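Engineer: Questions regarding the structure given below will be posed in turn.
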Amino acid sequence: MNAEEKENLRIALLRVLEVRASERFGLRASALPTFLIAHGFRGTADAELRAELHYLADKGLAATVGKTLSPENQSWRITAAGRDFLAAEA
């Protein structure tokens, strides 16, 4: 994936998380590929999605949702900084 495709994937991830922001427990990483199809991403590798989610977390644009039960099944949410980024940049 080239740099432009990565940027588009990151923006698509933020948009998906924004639309699903009302989910109290976040959105599981395993569900993301289904929602990314609407943004033109089909068949993106799980490892690549997780790497991009961690990149967004490092930038403060997305965050994991703390889970007491089954914390190994990470769920993600958009942060206020992520919403601001989409409003201003994307």
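Engineer: Within segment 9-29, restricting attention to residues that are outside any loop (DSSP other than H, G, I, E, B) and farther than 11 Å from TRP76 by Cβ, which residue is modelled with the lowest pLDDT?
Structural biologist: VAL19
Engineer: I'm checking my understanding of the structure. Among residues of segment 52-67 that are in a helix (DSSP H, G or I) and in contact (Cβ under 8 Å) with a residue 24 or more places away in the chain, which one is surrounded by the most Cβ atoms within 10 Å (Cβ to Cβ)? Working first, answer last.
Structural biologist: Step one: filter segment 52-67 for residues in a helix (DSSP H, G or I), giving 52-58.
Among the residues that remain, those that are also in contact (Cβ under 8 Å) with a residue 24 or more places away in the chain are: 52-53, 55-56.
On the way: GLU52: 20, LEU53: 21, TYR55: 15, LEU56: 23.
Among residues in segment 52-67 that are in a helix (DSSP H, G or I) and in contact (Cβ under 8 Å) with a residue 24 or more places away in the chain, the one surrounded by the most Cβ atoms within 10 Å (Cβ to Cβ) is LEU56.
Engineer: Does GLY82 satisfy being assigned to a loop (DSSP other than H, G, I, E, B), of a type outside the set (S, T, N, Q) and either modelled with pLDDT of 95 or more or exposed (fewer than 11 other Cβ atoms within 10 Å of the Cβ) (or both)?
Structural biologist: Details: assigned to a loop (DSSP other than H, G, I, E, B): no; of a type outside the set (S, T, N, Q): yes; either modelled with pLDDT of 95 or more or exposed (fewer than 11 other Cβ atoms within 10 Å of the Cβ) (or both): yes.
Taking the combined requirement at face value, the residue does not satisfy it.
Engineer: Of LEU9, LEU17, LEU27, LEU32, which residue is in contact with a Lys or Arg (Cβ under 8 Å, 6 or more places away or on another chain), closer than 18 Å to ASP58 by Cβ and surrounded by 16 or more Cβ atoms within 10 Å (Cβ to Cβ)? Steps first, answer last, please.
Structural biologist: Details: LEU9 fails: in contact with a Lys or Arg (Cβ under 8 Å, 6 or more places away or on another chain); LEU27 fails: closer than 18 Å to ASP58 by Cβ; LEU32 fails: in contact with a Lys or Arg (Cβ under 8 Å, 6 or more places away or on another chain).
Being in contact with a Lys or Arg (Cβ under 8 Å, 6 or more places away or on another chain), closer than 18 Å to ASP58 by Cβ and surrounded by 16 or more Cβ atoms within 10 Å (Cβ to Cβ) holds for just one of LEU9, LEU17, LEU27, LEU32, which is LEU17.
Engineer: Of the residues SER75, SER70, which single one is more than 23 Å from GLU89 (Cα to Cα), surrounded by 12 or more Cβ atoms within 10 Å (Cβ to Cβ) and of a type in the set (S, T, N, Q)? Spell out how you get there, then give the answer.
Structural biologist: Numbers: SER70 fails: surrounded by 12 or more Cβ atoms within 10 Å (Cβ to Cβ).
Unique residue meeting the criteria: SER75.
Engineer: If ALA3 satisfies all but one of (1) modelled with pLDDT of 90 or more; (2) within 12 Å of the chain's Cα centre (by Cα), what's the number of the condition it fails?
Structural biologist: (2)
Engineer: Given GLU52, GLU18, which one is within 10 Å of the chain's Cα centre (by Cα) and over 17 Å from GLU89 (Cα atoms)? Talk me through it step by step, then tell me what you get.
Structural biologist: Details: GLU18 fails: over 17 Å from GLU89 (Cα atoms).
Only one candidate qualifies: GLU52.
The values are calculated or read from the model by the stated rules, or taken from the named source; none is laboratory data. Values in this document were obtained by computation on a predicted structure and should not be read as measured data. Glycine also receives a Cβ, built like all others from the backbone with ideal geometry; neighbour counts cover every protein chain displayed.
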